[in-house]
Amino acid sequence: MRQEEMKKILEIGVLLSAERDLDCLLERILGCVMELANCDAGTLYLREGDTLQFEIMRNDTLKTYSGGRGKRPELPPVPLRRDNVCAMALLEDRTICIEDVKNNQEYDFSGPARYDAMTGYNTRSMLVVPMRSRGGEKLGVLQLINAMDGDGQVCPFAPDMELVLESVASQAALAIQNVRYIREIKGLFNSFVQVMSTAIDERSSYNADHSRRMARCGERFMDWLNARSKEPHFSLRRREELL
């Protein structure tokens with residue numbers, strides 16, 4: 001592993017650990033690994049039950065992007081079957097590197113073939129890296145497409161890139177799990193606050209709906225103040241803290 005790659009991995013770790021919004025985090029993960037691998041396209045999947053859901057798709061040649069904070073990809077989920085390269089990588093917990101998908105008979109590449117037929121794209125090299133938590137939970141998959149050489153031509157992924165991206169995928173999985181934990185804790189806390197405020201309101205008719213009315217007033221005040229400022233005083237995070 002080269003020194004610049006090691007430095008980049010450390011920078012990515014710091015970047016991912018600071019993000020608390022899941023959609024923003026997924027965008028950063030895919031952007032970081034595509035930059036590190038110097039590839040033209042990529043997809044990030046998250047596991048839901050027995051399928052892999054498309055979360056983000058990016059293709060620099062076609063200038064297309066979907067998912068993250070934007071509209072999610074309108075594609076059916078990928079079943080966790082061993083004939084699919086993404087599913088196989090997750091099921092067997094191993095990185096899969098393919099030099100030319102069109103000359104590979106081991107996996108089902110009908111999906112990339114349909115994509116190429118619709119868009120005129122030419123999918124060739126592919127690197128698929130599973131993401132798993134420290135406890136072994138299988139969270140998702142990073143699929144990178146068409147590595148680029150120094151002249152901007154499509155080439156196979158470098159053999160040492162597998163280890164580099166496995167390290168980043170491990171950091172990414174930990175960051176995803178942490179953000180999910182934070183979301184769950186917030187949900188529990190909000191439920192507790194809701195129950196307590198309802199109990200307080202129901203102590204007397206005078207207090208009925210008082211807490212909810214005050215929250216609505218606070219929300220309208222933040223909207224009013226933000227509308228009159230060049231830069232919003234209340235970001236989404238500050239709004240959540242206040243309400």
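Taken together, the values in this text are just the output of simple stated rules run on the coordinates, not laboratory data. Here the structure is a predicted model, which is why all the values come from computation and not from measurement. Neighbour counts run over all protein chains shown; Cβ positions are idealised from the backbone, glycine included.
Just a few scattered comments:
- Computed E for Asp23/Lys102 - FRET, C-beta separation, R0 35 angstrom, nearest 0.05: 0.55
- Derived scalar couplings ³J(HN,Hα) [segment 147-156; Karplus, 6.51 cos²θ - 1.76 cosθ + 1.60; whole Hz; x for Gly, Pro]: 5, 10, 8, x, 9, x, 9, 5, 8, x
- Coupling constants for segment 25-36 follow from the phi torsions by the Karplus curve (6.51 cos²θ - 1.76 cosθ + 1.60, θ = phi - 60°), and in residue order they are 4, 4, 4, 5, 4, 5, x, 5, 6, 5, 5, 5 Hz; glycine and proline get x.
- Label zone of Met148 (point 7 Å out along Cα→Cβ, amide N under 20 Å): in segment 24-44 this covers 27-44.
- For Asp108, the amide hydrogen comes within under 5 Å of the amide hydrogens of Asn84, Val85, counting only partners 5 or more places away or on other chains and with H modelled in the peptide plane.
- For Arg72, the residues 5 or more places off, or on other chains, whose built amide H falls under 5 Å of its own are Gly67.
- Remark: the Lys186-Thr119 segment gains 20.0 nm on full extension, using 0.36 nm per residue and subtracting the alpha carbon distance.
- Proportion of all alpha-carbon pairs of segment 14-93 beyond 17 Å (%): 52 percent
- Karplus (6.51, -1.76, 1.60) ³J(HN,Hα), θ = phi - 60°, over segment 64-70, in Hz, Gly and Pro reported as x: 10, 7, 8, x, x, 7, x
- Close amide H contacts of Leu139 (hydrogens built in the peptide plane, cut-off under 5 Å, sequence separation of 5 or more or a different chain): Met131, Arg132, Ser133.
- Cross-link reach is defined here as a Cα-Cα straight distance under 12 Å, omitting same-chain residues fewer than 8 places apart; for Lys138 the aspartates and glutamates meeting it are Glu48, Asp50, Glu92, Asp93.
- Reach of Lys71 by Cα under 13 Å, taken over aspartates and glutamates that are not fewer than 8 positions away in the same chain: Asp23, Glu27, Glu55
- Fraction of the pair-distance distribution of segment 1-146 above 22 Å, Cα-Cα pairs, percent: 38 percent
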